[in-house]
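Asks: Before I ask anything, here is the structure I am working with.
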Amino acid sequence: EGPKIVVIGGGTGLNTVLKGLKDYTNNLTAIASMTDYGDGQTETNSFMPLEDVSRAIVSLSENEVEMERLLKLKFQDGIDFTNVFVSAMQQINGEGSKFIENISKVLNMTGKILPVTLDKMRICAELEDGTVIDEKDKIADTSMAKISRINRVFISPSNVRPAPGVIEAIEDADAIVIGPRKL
């Protein structure tokens, strides 16, 4: 069993920490980022941003290589397996974060995954010259093109609510790890 550890983050930092910790405890909870990357995918496919959740699924899987291949699978018509699977889990379990928790059970993963929020949010940046960039994937390029430093990074809207189970997982944890996130 081991200590109850909550890992909060996204990107490669979350995955690296989860991969290392799963050998020491089965009581892992990954609280994954759910920010819109600004690439238009969530608007066009109507799914919540799942990139960090998918990475956490791979990291907590017994066979990471096969799970990654499965989640990256794209069918001939361009539909990817992750969206089909998540859509099916939502239909079975209903809206909310329960379907993500149940993904852990269905896939027999070490630990569980919770989304940090179910509210739509974006990572934004304000440059020193006052320019506000509201698409995460354009922050670095815009900053470099304008030759302006990033003054602050923030989420929009600023009043998002934690998903069900997040606060309880943090309060019940023996240890909390906040994973680095590459911006």
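The values are calculated or read from the model by the stated rules, or taken from the named source; none is laboratory data. Just so you know, these numbers come straight off a predicted model, no measurement behind them. As a convention, Cβ positions derive from the backbone with ideal geometry for all residues, glycine included, and neighbour counts pool all protein chains shown. Surface accessibility is based on the protein's heavy atoms, side chains included, excluding ligands, DNA and RNA. Shrake-Rupley method; radii C 1.70, N 1.55, O 1.52, S 1.80 Å.
Asks: Averaging sequence separations of C-alpha pairs under 8 Å and six or more residues apart, then dividing by the length of the chain, give the relative contact order as a whole percent.
Replies: Relative contact order, the chain: 31 percent.
Asks: How large a share of the accessible area of the chain, in percent, is made up of carbon and sulfur atoms when the probe is 1.4 Å and the other protein chains stay in place?
Replies: After summing per-atom areas, the C and S share lands at 53 percent.
Asks: Compare Asp77, Asp172 by solvent-accessible area with a 1.4 Å probe and give them largest first, with all protein chains kept in place. Show your work: numbers first, answer last.
Replies: Numbers: Asp77 115, Asp172 85 Å².
Reading off the accessible areas and sorting them downward yields Asp77, Asp172.
Asks: A further question follows. Determine the gain in length on full extension of the stretch Glu62-Asn83; use 0.36 nm per residue of separation and subtract their C-alpha separation, reporting nm with one decimal.
Replies: Net length gain for the segment: 5.4 nm.
Asks: Further question: Return the aspartates and glutamates within reach of Lys72: Cα separation strictly under 19 angstrom, same-chain partners fewer than 8 residues apart disregarded; answer none if there are no such residues.
Replies: Excluding near neighbours in sequence, the set is Asp36, Asp39, Glu51, Asp52, Glu62, Glu64, Asp80.
Asks: Right, another one. Of all alpha-carbon pairs in region 58-183, indicate the percentage at a distance above 21 angstrom.
Replies: So the pairs more than 21 Å apart make up 59 percent of the total in region 58-183.
Asks: Then there's this: May I ask you to give the solvent-accessible area per residue for the chain, in square angstrom, as obtained with a 1.4 angstrom probe?
Replies: Values: 10310 Å² over 183 residues.
Each residue of the chain exposes 56 Å² on average to a 1.4 Å probe.
Asks: Calculate the FRET efficiency for Val160 and Asp129 from the Cβ-Cβ distance with a Förster distance of 30 Å, rounded to the nearest 0.05.
Replies: For R0 = 30 Å, the calculated efficiency reads 0.65.
Asks: For a test of the definition: using alpha carbon positions, the gyration tensor, and the 1.5 limit on a/c, classify region 66-110 as rounded, prolate or oblate.
Replies: oblate
Asks: Separate question: Scan the chain and note any complete DSSP helix (H) whose C-alpha atoms cover at least 15 Å along its axis and whose Kyte-Doolittle average is 0.0 or more.
Replies: Those that clear 15 Å and a mean of 0.0 are 11-21, 81-93.
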